[in-house]
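Heads up, the thing below is written out as structure tokens.
The values are calculated or read from the model by the stated rules, or taken from the named source; none is laboratory data. Keep in mind that what you see is a predicted model, and the values were worked out from it rather than measured. Note that each Cβ is placed from the backbone with ideal geometry, even for glycine, and that neighbours are counted across all protein chains shown.
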Amino acid sequence: DEVKKLQIFLREKEEFQDIESTGIYDKKTFEAVIKFQEKYPEDILSFWKLSKGTGYVYITTTKKINKII
């Protein structure tokens, strides 16, 4: 269910139109998360001292998603 919520968020709030709500963390979802992370590097990546998205939805990514919702 959490992956479905993520996919709906990516499609509806971040306009990744090719994401389907399957509940499966597939390649399209993974790549969309990377783009999302790289769109908000100060909020998501800087804490971890990263310059590129990882595709993993962890503390800072979840926090940013919840701020947008």
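Points worth noting:
- Residue in segment 4-12 that is of a type outside the set (D, E, K, R), crowded, with 16+ Cβ neighbours inside 10 Å and within 16 Å of ILE59 (Cα to Cα) present: yes
- Selection within segment 55-69 - of a type outside the set (A, V, I, L, M) and over 17 Å from GLU14 (Cβ atoms): TYR58
- Within segment 2-36, tally of residues that are in contact with a Leu (Cβ under 6 Å, 6 or more places away or on another chain) and outside any loop (DSSP other than H, G, I, E, B): 1
Here's the yes/no breakdown for (1) of a type in the set (S, T, N, Q); (2) at pLDDT below 95; (3) surrounded by 13 or more Cβ atoms within 10 Å (Cβ to Cβ):
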{"residue": "SER21", "(1), (2), (3)": "yes, no, yes"}
{"residue": "ILE24", "(1), (2), (3)": "no, no, no"}
{"residue": "VAL33", "(1), (2), (3)": "no, no, yes"}
{"residue": "GLN37", "(1), (2), (3)": "yes, no, yes"}
{"residue": "LYS49", "(1), (2), (3)": "no, no, no"}
{"residue": "GLY55", "(1), (2), (3)": "no, no, yes"}
{"residue": "ILE59", "(1), (2), (3)": "no, no, no"}
